[in-house]
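Below: the structure, in structure tokens.
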Amino acid sequence: MKIEIALESGFCYGVKSAVTKTIEIAKKEKNVYTYGQLIHNAQALEYLNSFGVNTTDNIEDAIGGTLIIRSHGVKKDIYDKVKLLDINLIDATCPFVKKIHKIVYKYYKDGYQVFIVGNKNHPEVIGINGWCENTAIIVDDNSIINANNSQKSIVVAQTTITLELFNKAVEKIANNVKNLIIHNTICSATTKRQNSANELSKRVDFMIVIGGKNSSNTKKLYQICKKNCNNSLHIEIADEIMVTNIKKYDKIGITAGASTPDWVINQVIDKIENEGEGTNSGK
Ligand code: SF4
């Protein structure tokens, strides 16, 4: 049995930097809150909690303390509200997401209709929409575009979507509007993880995708792997694997979402290499 880890997997730049920043602050300050879950990974959140980091959806909880904006970013009005309160704001928004906020804000002020390709319920998309006063048209796989043909428009992408979805959506939008400026804002970390998972899952007998069950980039990695390798499994932690079911395969591939810590990946590898059997279902 051989285990191979995808060339690009696990913590991306934005998440790594948000987690590092948060731990540094929590070591120095009391009353540290993240605005929403810092990352979509239960194990990493537990770890942060051990440093006294709290999660809140109410910025007023952080009055007199520190509020950390997560890598997904937030709407403009959150910054405006925090300015009026006694809150030490630490902005851990990923620079790639920050760039989308700037693009959307600039074009919105210039009278453009903003389109965002992505999941309307994802915090990143909700945040981006907040930089054009929530006027964006959010486009996903099933959207029917009904836009004003003559209005100048711009399209951006949620950073974690696939290029395939973005291209399809752009084509649909372009057929409905006259002047469309296209900003492909898919993050290269996502693309690299998707390409690596795609390449590896074609060559292995069993593919394990590690990451939060509510992490959109992990779910996309799983979809890609499942297409190439029917024996693909999405897990959050090592306990979800039944090693005896996996050890019968010759080549096992592993990839992990951008919010999956290294130590969770290592626990999975350790379990497969060193244990005879596990506790739960293997497929
Ligand atoms: S996936 Fe990309 S955009 Fe999202 S946090 Fe990571 S580096 Fe930033």
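What the table shows:
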| item | result |
| --- | --- |
| Residue that is farthest from Phe166 (Cα to Cα), among those in the range 176-222 that are charged (D, E, K, R) and at pLDDT below 95 | Lys213 |
| Number of the exception - Lys172 against (1) surrounded by 14 or more Cβ atoms within 10 Å (Cβ to Cβ); (2) modelled with pLDDT of 95 or more; (3) away from the ligand (no atom under 16 Å from the Cβ) | (2) |
| Cross-chain or 6+ apart pairs with Cβ under 6 Å, the range 82-104 first and open to solvent by 20 Å² or more (accessible area, probe 1.4 Å), then within 9 Å of the ligand (Cβ to nearest atom) | Phe96/Thr159; Phe96/Cys187 |
| Pairs, first within 16 Å of Glu124 (Cβ to Cβ) and outside any loop (DSSP other than H, G, I, E, B) in the range 175-190, second within 14 Å of the ligand (Cβ to nearest atom) and open to solvent by less than 60 Å² (accessible area, probe 1.4 Å), C-beta under 7 Å, six or more apart | Ala189/Cys12; Ala189/Ala258; Thr190/Thr159; Thr190/Thr160; Thr190/Asn217; Thr190/Ala258 |
| When residues of the range 141-156 are limited to those that are open to solvent by less than 80 Å² (accessible area, probe 1.4 Å) and of a type in the set (Val, Ile, Thr), the one nearest to Ile100 (Cα to Cα) | Val156 |
| Any chance Thr160 is under 21 Å from the mean Cα position of the chain (by Cα), among the hydroxyl-bearing types (Ser, Thr, Tyr) and under 23 Å from Lys106 (Cα atoms) | yes |
| Residue in the range 210-222 that is touching a Leu at 6+ places or on another chain (Cβ under 8 Å) and within 26 Å of Ala157 (Cα to Cα) present | yes |
| Enumeration of residues in the range 4-18 that are open to solvent by less than 40 Å² (accessible area, probe 1.4 Å) and closer than 16 Å to Ile252 by Cβ | Ala6, Ser9 |
| Qualifying residue in the range 133-154 (condition: within 13 Å of the ligand (Cβ to nearest atom) and at pLDDT below 95) | no |
| Elements of type helices (runs of 4 or more DSSP H) in the range 13-92, at least 1 residues being more than 16 Å from the ligand (Cβ to nearest atom) and of a type in the set (S, T, N, Q) | 42-49 |
| Helices (runs of 4 or more DSSP H) completely within the range 196-283 that count 3 or more residues being open to solvent by less than 50 Å² (accessible area, probe 1.4 Å) and touching a helix residue (DSSP H, G or I) at 6+ places or on another chain (Cβ under 6 Å) | 216-228, 262-274 |
| Residue satisfying condition, being among the aliphatic types (A, V, I, L, M) and more than 30 Å from Lys98 (Cβ to Cβ), within set Ile161, Ile246 | Ile246 |
| Every residue from the range 117-132 that is open to solvent by less than 60 Å² (accessible area, probe 1.4 Å), within 14 Å of the ligand (Cβ to nearest atom) and in contact (Cβ under 8 Å) with a residue 40 or more places away in the chain | Gly118, His122, Pro123, Glu124, Gly127, Ile128 |
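The values are calculated or read from the model by the stated rules, or taken from the named source; none is laboratory data. Keep in mind the model is a prediction, meaning the values are calculated, not measured. In this analysis, Cβ positions are derived from the backbone assuming ideal geometry, glycine residues included, and neighbour counts consider all displayed protein chains. Accessible surface is based on the protein model in full, side chains and every heavy atom, while ligands, DNA and RNA are left aside. Shrake-Rupley method; radii C 1.70, N 1.55, O 1.52, S 1.80 Å.
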